[in-house]
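Here, each number is a calculation from the coordinates, and none is a lab measurement. What you see is a predicted model; the values in this text were computed from it and never measured. Here the Cβ is made from the backbone with ideal geometry for all residues, glycine too, and neighbour counts use every protein chain on show.
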Amino acid sequence: MIDQTTGPSPIVRLSIRAATPLALVIAVFVFFAGHNRPGGGFAAGLLIGAVLVLRSVAGFPLPFRAIPLLATGTIVAAAVAVAPMLWGDVFLDQIVIEQKLPLLGKVKSGSALI
């Protein structure tokens with residue numbers, strides 16, 4: 001239990017501060033790897049949400065302007081979902097683009113990545 005007079009333990013604060021960058025790197029990897037394999041945006045969002053909750057419990061400040069960022073993300077997601085309908089496709093359809101890059105070889109990406 002957290003003592004309200006002194007705040008969270010310095011060990012807890014230090015461990016959460018040290019684990020945050022690693023968790024964010026894993027979230028980015030899961031986001032991009034999940035495009036063609038299990039994972040993706042939902043799992044990455046869960047990881048980032050867990051990091052934010054742990055940082056909040058440890059007494060770290062919340063991210064700057066979190067509400068406008070959430071609103072912007074919601075608007076972008078809605079636009080990506082509705083955009084295929086403008087070209088006569090179905091709702092939530094995606095366009096897959098393949099490129100052959102010199103060092104990476106064949107790279108596929110879709111509009112769902114946005």
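Pairs of Cα atoms nearer than 8 Å and 6+ residues apart set the relative contact order; for region 65-114 it is 27 percent. Loop-located trypsin sites (Lys or Arg not before Pro) across region 34-114 with a Cβ neighbour count of 15 or fewer within 10 Å are 65, with loop assigned by DSSP. Convex hull volume of the Cα atoms of region 65-114, normalised per residue: 88 Å³. Once backbone amide H atoms are built at 1.01 Å from N, residue 110 has 97 as its partners under 5 Å, excluding neighbours fewer than 5 places away on the same chain. Restriction of the chymotrypsin sites (Phe, Trp or Tyr not before Pro) in region 35-114 to DSSP coil positions whose beta-carbon has at most 10 other beta-carbons within 10 angstrom yields 64, 87, 91. Here the simple spin-label model places points 7 Å from the Cα toward Cβ, and for residue 101 and residue 69 these points are separated by 2.5 nm.
When the Gaussian network model of the chain links Cα atoms closer than 10 Å, the mean-square fluctuations of 66, 33, 43 top out at 66.
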